[in-house]
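Heads up: the structure comes next, in structure tokens.
Just so you know, all these numbers are worked out from the coordinates, no wet-lab data involved. Keep in mind it's a predicted model, so treat the numbers as computed, not measured. Note that each Cβ is placed from the backbone with ideal geometry, even for glycine, and that neighbours are counted across all protein chains shown.
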Amino acid sequence: MNRRTSLIAIAALLSLTAGCAHRRTVAELPPQPPSSTDTAANSGDQSGNVAGAAIPGSRRDFLQSVPSDRVFFETDSYSLDAQSRATLDAQAAWLARNAAVRVTIEGHADERGTREYNLALGDRRANSARDYLQSRGVAAARMQTISWGKERPAVDGHDETAWAQNRRAVTVVPE
């Protein structure tokens, strides 16, 4: 009887843990892309600097030419407001001047909600920004999207101020 009870306990334990999702550790995540402040701090290397001037088509040129590399969203939303559209209009104009540049648009969410929900929401945010840029003449083949969900917060914190900064889509120009 003792053996049977042990087998039932082991079976129950295995069945409970079988459905648990694998959570990625920080070591398993891809490396963080360089931030705009990292790029601004560099001088004369891969960041697009030549004697203090930005090389046309470089990440630094992009960051100097547009109001922001990111647009923000309301909670549980992927709709672009007027300020976001103005930022994307400036990005589209820069991309029109730099026709050889390809970009990645990253979608992000705040920490609330499940991982799956936030990945889907980040995807909708990235696609919303991509679709708007495409409507402004940027070829779809020049843009790719990725959703990081809540995996890469811009701001650490557990309040509305932090969450508002994490609900975003970021247009990334490669080095």
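Computed values, structure above
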| quantity | calculated |
| --- | --- |
| Sequence ranges 80-86, 68-74, 126-132, ranked by mean other-Cβ count within 10 angstrom, highest first | 126-132, 68-74, 80-86 |
| Gain in span if fully extended, residue 2 to residue 114, counting 0.36 nm per residue against the direct Cα distance | 36.3 nm |
| Positive minus negative residues near residue 144 (Lys, Arg vs Asp, Glu; Cβ under 11 Å) | +2 |
| Linear extension gain, residue 146 paired with residue 161, 0.36 nm per residue minus alpha-carbon span | 3.0 nm |
| Ordering of 137-149, 159-171 by packing [mean C-beta count within 10 Å, highest first] | 159-171, 137-149 |
| Inverse mean reciprocal Cα-Cα distance (Kirkwood Rh) of segment 46-134, Å | 14.2 |
